[in-house]
Amino acid sequence: MKFRKKPVIIEATQWFKLGDHDKVEKFFAEDPEKLGYGWIQTLEGGHIVTPGDWIITGVHGEHYPCKPDIFELTYESAE
């Protein structure tokens with residue numbers, strides 16, 4: 001069977017650093033390559049946020065990260 005996503009308008013903010021989105025917290029890591037990463041709590045648990053990720057607000061007000069390439073393939077501007 002094949003399915004198509006229902007058209008839904010979402011809110012999204014591209015994240016580059018702490019302060020870009022109020023739901024992204026500081027990610028504490030010992031790995032110096034992960035300095036500047038963020039952490040967001042989602043319905044499925046916590047996820048690392050990397051600079052450039054989109055933070056999407058879902059239909060129930062939940063927040064989750066999305067990689068830029070997936071975001072570009074999935075969403076288009078509604079404005």
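Go from 0 up to the bin containing the longest alpha carbon distance in the chain, width 5 Å each, and give me the % of pairs per bin.
3, 14, 24, 23, 17, 10, 5, 3, 1, 0
Please work out the Kirkwood hydrodynamic radius for the range 1-42, using every pair of different C-alpha atoms, and report it in angstroms with one decimal place.
This gives a value of 13.0 Å.
List the chymotrypsin sites (Phe, Trp or Tyr not before Pro) within the range 27-79 that fall in a DSSP loop (any state other than H, G, I, E or B) and whose Cβ has at most 13 other Cβ atoms within 10 Å.
Sites meeting the loop and neighbour criteria: F28.
Take the chain, mark every one of the trypsin sites (Lys or Arg not before Pro) that falls in a DSSP loop and has at most 12 other Cβ within 10 Å, then report the longest stretch left between them, sites excluded. Show your work: numbers first, answer last.
Details: sites that count: K2, R4, K5, K17.
Counting at most 12 other Cβ atoms within 10 Å as exposed, the longest clean stretch of the chain is 18-79.
Number of Lys-Lys pairs in the chain under 27 Å by Cα, sequence gap 8 or more or different chains?
For the chain, qualifying lysine pairs total 13.
When the helices in the chain are scored as -39500 (n - 2.57) per DSSP H run of 4 or longer and the sum is shared across all residues, what 222 nm value do you end up with, to the nearest 500 deg cm²/dmol?
Mean residue ellipticity at 222 nm (helix-derived): -2000 deg cm²/dmol.
Per residue, what accessible area does the chain have, given a 1.4 Å probe and all protein chains present, in Å²? Could you put the intermediate results ahead of the total?
On the way: 6500 Å² over 79 residues.
Counting only protein heavy atoms, the per-residue value for the chain is 82 Å².
The values are calculated or read from the model by the stated rules, or taken from the named source; none is laboratory data. Please read all numbers here as calculations on a predicted model, not as lab measurements. Neighbour counts are summed over all protein chains in view; Cβ atoms, including those assigned to glycine, are modelled from backbone coordinates with ideal geometry. In case anyone asks, the SASA skips ligands and DNA or RNA and just uses the protein heavy atoms, side chains included. Shrake-Rupley method; radii C 1.70, N 1.55, O 1.52, S 1.80 Å.
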